[in-house]
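Shown next, in structure tokens, is the structure this report addresses.
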Amino acid sequence: MIPVAEQQNTPSPALCHSEGKINALRLKNRFIKAATFENMTPEGKPTANLSHFHEKLADGGIAMTTIGYCAVENDGRLNDRMMYMGEHIRSELTEFIERLHHKGSKVSGQMGHGGGFSQNSQLSRKRPLGPSFGLNALGIPKGKFFCDAMTLQDIDKLVQTYHDAAVFMKSVGFDALEIHFGHGYGLCQFMSPLTNRRKDEYGGSLENRMRLPLRVLQAVRKAVGTEYPLLAKISLTEGVPGGLNYDDAVEISKMLDTAGIDAIIPSAGTSTMNPMIMFRGDNMLPAMLKYEKSRMMRLILRLAGPIMFRSYPYEELYFFEYSQRIKDAVQCKMIYVGGASTNESFTKLMQHGFDFIQLGRSLLSDPDLPLRSQQSLDYKSRCIHCNECVGTIGHDDGIFCPRFN
Ligand SMILES: Cc1cc2nc3c(=O)[nH]c(=O)nc-3n(C[C@H](O)[C@H](O)[C@H](O)COP(=O)(O)O)c2cc1C
Ligand code: SF4
């Protein structure tokens, strides 16, 4: 018999290539494409580019791909190049998802809302809405310096918006929905004591700050039914003083679990205050400056860069320990994300009881990763964690890996 320590160092990709289930959904292997906002929806509609991007992943053997940042309404978009859910894109979205199904991949949609963090020039109001009045760092180049606080009516409306978006997304063929509770976006702004300074029942204690996110989960569940898979992406920590921390993440996960989430994806950081903790590796600032078109935004990035882009050297499976803490606290499925790029890592995750693995950058460099992982026991992704692809979010043709494309 092989000793456990030795088993854990021996890549055994067969485990990752076995079928798995999230609620009633069967997935042919354990690899799921992580949400990476593709910026391939210039008119707010899915394009042929977006389709090719995901079709390549489907051809490469991914069990389920995720369409990154599907805003639940126009005012939930971070910018006007994002798509928002609604009848105006029903036929394009339906055909796009059908093409991916035809190629054997399931499709998840990440439900996003920017809250008080937006540079969307088509916003229905002067300023975006967050939990409390505050700075809208993303909106500064567009003259949208601040966000306003939501009223109780705005909160009720937002819950209904998530419900309606979920009904729509299920009806166009999405196989699963991933609700974004992390990275400093709208729901996370309610969860964070840093951005939520409300004095009513939606602010104060963690229970109060979780009231809106849990109402959203309940509304989305009602929209899609009990058997439909719902995933939650959370931040393990916001990585800034006074923000959500690793202990909060355990409590948040327990609340989501009790409220009926099917799987948790623990990530970390916020897009405005501390993005590097989410990625690790080389500083992304040079790439962001290279692809950013707005001179004002480049100036802001230069000034805020040293505080915003902190140094977090890359380590394989950099969220492993903290994700294990979540896994030990909940009953639902666990989806690992963060620096998984070798067969050895995939095997380790499976052996430690993670159910699925989400992959971001290692699929941008190697879209056929699942097939390659099956073919070669000592498979390692070509990704070198230089984070140039993060800068390409500002590229007119959308994201790509500049190193290997
Ligand atoms: C270009 C790019 C865009 C991303 N966009 C999103 C996004 O829209 N939503 C999200 O939750 N995470 C986003 N992420 C983060 C990834 O989902 C993932 O959490 C992160 O890349 C770490 O996983 P990895 O080490 O496998 O790349 C993005 C990552 C990249 C590289
Ligand atoms: S640009 Fe390519 S090599 Fe660099 S982090 Fe992104 S996917 Fe990896």
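Below are the figures for this structure:
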| item | result |
| --- | --- |
| Yes/no for PHE309 being closer than 16 Å to PHE356 by Cα, surrounded by fewer than 21 Cβ atoms within 10 Å (Cβ to Cβ) and within 15 Å of ligand 1 (Cβ to nearest atom) | no |
| Exclusive hit being of a type outside the set (D, E, K, R) and touching a Phe, Trp or Tyr at 6+ places or on another chain (Cβ under 8 Å), set SER132, SER118, SER124, SER108 | SER108 |
| Residue that is nearest to VAL390 (Cα to Cα) [pool: residues in the stretch 56-110 that are part of a helix (DSSP H, G or I) and among the polar types (S, T, N, Q)] | ASN74 |
| Filtered residues of the stretch 200-240 (kept if in a loop (DSSP other than H, G, I, E, B) and over 29 Å from MET308 (Cα atoms)) | ASP200, GLU201, GLY225, THR226, GLU227, TYR228, PRO229 |
| Filtered residue count, the stretch 332-383, keeping only those that are near ligand 1 (Cβ under 10 Å from one of its atoms), part of a loop (DSSP other than H, G, I, E, B) and among the polar types (S, T, N, Q) | 2 |
| Boolean, CYS383 is in contact with a Leu (Cβ under 6 Å, 6 or more places away or on another chain) and within 10 Å of ligand 2 (Cβ to nearest atom) | no |
| Flag if MET273 is in contact with a Phe, Trp or Tyr (Cβ under 7 Å, 6 or more places away or on another chain) and of a type outside the set (Asp, Glu) | no |
| Any hit, the stretch 282-302, residues being more than 19 Å from ALA14 (Cα to Cα), among the hydroxyl-bearing types (Ser, Thr, Tyr) and more than 16 Å from ligand 2 (Cβ to nearest atom) | yes |
| Members of the stretch 312-331 that are part of a loop (DSSP other than H, G, I, E, B) and within 16 Å of ligand 1 (Cβ to nearest atom) | TYR312, PRO313, TYR314, GLU315, GLU316, LEU317, TYR318, PHE319 |
| Residue among LEU299, LEU317, LEU285, LEU303 that alone is modelled with pLDDT under 95 and crowded, with 16+ Cβ neighbours inside 10 Å | LEU285 |
| Counted residues, the stretch 222-247 - those being among the basic types (Lys, Arg) and surrounded by 19 or more Cβ atoms within 10 Å (Cβ to Cβ) | 1 |
| Qualifying position, being out of contact with any strand residue (DSSP E or B) (no Cβ under 7 Å at 6 or more places or on another chain) and surrounded by 22 or more Cβ atoms within 10 Å (Cβ to Cβ), among SER108, SER118, SER91, SER51 | SER118 |
| Residue, nearest to the chain's Cα centre (by Cα), within the stretch 346-395, restricted to residues that are more than 28 Å from ASN39 (Cβ to Cβ) and of a type in the set (Ser, Thr, Tyr) | THR347 |
| The one condition in (1) away from ligand 2 (no atom under 16 Å from the Cβ); (2) under 26 Å from LYS21 (Cβ atoms); (3) outside any helix (DSSP H, G or I); (4) among the small types (Gly, Ala, Ser) that GLY115 fails to fulfil | (2) |
| Restricting the stretch 320-356 to residues that are within 16 Å of ligand 2 (Cβ to nearest atom) and in contact (Cβ under 8 Å) with a residue 60 or more places away in the chain, the residue that is surrounded by the fewest Cβ atoms within 10 Å (Cβ to Cβ) | THR342 |
| Residue list for the stretch 386-405, restricted to those being within 7 Å of ligand 2 (Cβ to nearest atom) and assigned to a loop (DSSP other than H, G, I, E, B) | CYS386, ASN387, CYS401, PRO402, ARG403, PHE404 |
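The values are calculated or read from the model by the stated rules, or taken from the named source; none is laboratory data. Note that the structure is a prediction, hence the values are computed from the model and not measured. All Cβ positions, glycine included, derive from the backbone under ideal geometry; neighbour counts span all protein chains shown.
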